Amino acid sequence: MNEELKDSIMGALELVIDPELGVDIVNLGLVYDLELKEDGLLVVTMTLTAMGCPLAGVIVDQVKAALTDIPEVSDTEVNIVWSPAWTKDRMSRYAKIALGVR
């Protein structure tokens, strides 16, 4: 996948807001990897801030919905992983400021 397409995908994913924290999943550092298969299937490997997150299904649905307008993506599969574990160090400067994290 070229950088322009990756930037478009990440831009779309910035519209997915973690409902509990009010910050998008990209700036939270929840998106670990993107893989676009030849048939247009995009595999998004990501994590959540906590295991057993009751809103996991909502976030997965929002990820799929956010990517529907990207022509190169025919379908989306969201792979939730727990390793490596998410830490506050993965957050962008923006997310840290928004959440008051040092």
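The values are calculated or read from the model by the stated rules, or taken from the named source; none is laboratory data. All of these numbers come straight from a predicted model, not from anything done at the bench. FYI the Cβ positions are ideal-geometry reconstructions off the backbone, even for glycines, and counts take in every protein chain you see. The accessibility values were calculated without ligands, DNA or RNA, using every heavy atom of the protein model including side chains. Shrake-Rupley method; radii C 1.70, N 1.55, O 1.52, S 1.80 Å.
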Quiz item: Do the conditions hold for residue 44, that is, is it outside any loop (DSSP other than H, G, I, E, B) and farther than 18 Å from residue 5 by Cβ?
Solution: no
Practice problem: Would you be able to tell me the number of residues in segment 1-28 that are open to solvent by less than 10 Å² (accessible area, probe 1.4 Å), outside any helix (DSSP H, G or I) and over 18 Å from residue 57 (Cα atoms)? | Solution: 0
Quiz prompt | Given (1) free of Cβ contacts under 8 Å to residues at least 40 places away in the same chain; (2) open to solvent by less than 40 Å² (accessible area, probe 1.4 Å), index of the condition residue 70 fails | solution = (1)
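Quick one: in segment 53-102, of everything that is among the acidic types (Asp, Glu) and within 16 Å of residue 34 (Cα to Cα), which residue is farthest from the chain's Cα centre (by Cα)? Break it down into steps so the answer makes sense when it comes.
Of segment 53-102, the ones among the acidic types (Asp, Glu) are 61, 69, 72, 75, 77, 89.
Adding the requirement that they be within 16 Å of residue 34 (Cα to Cα) leaves 72, 75, 77.
Working: 72: 18, 75: 15, 77: 12 Å.
So the residue we want is 72.
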Quiz item: Within the set of pairs 6 or more residues apart or between chains, which connect a residue that is under 20 Å from residue 96 (Cα atoms) and open to solvent by 20 Å² or more (accessible area, probe 1.4 Å) inside segment 43-63 to a residue that is of a type outside the set (Asp, Glu) and outside any strand (DSSP E or B) with Cβ atoms less than 6 Å apart?
Solution: 49/86
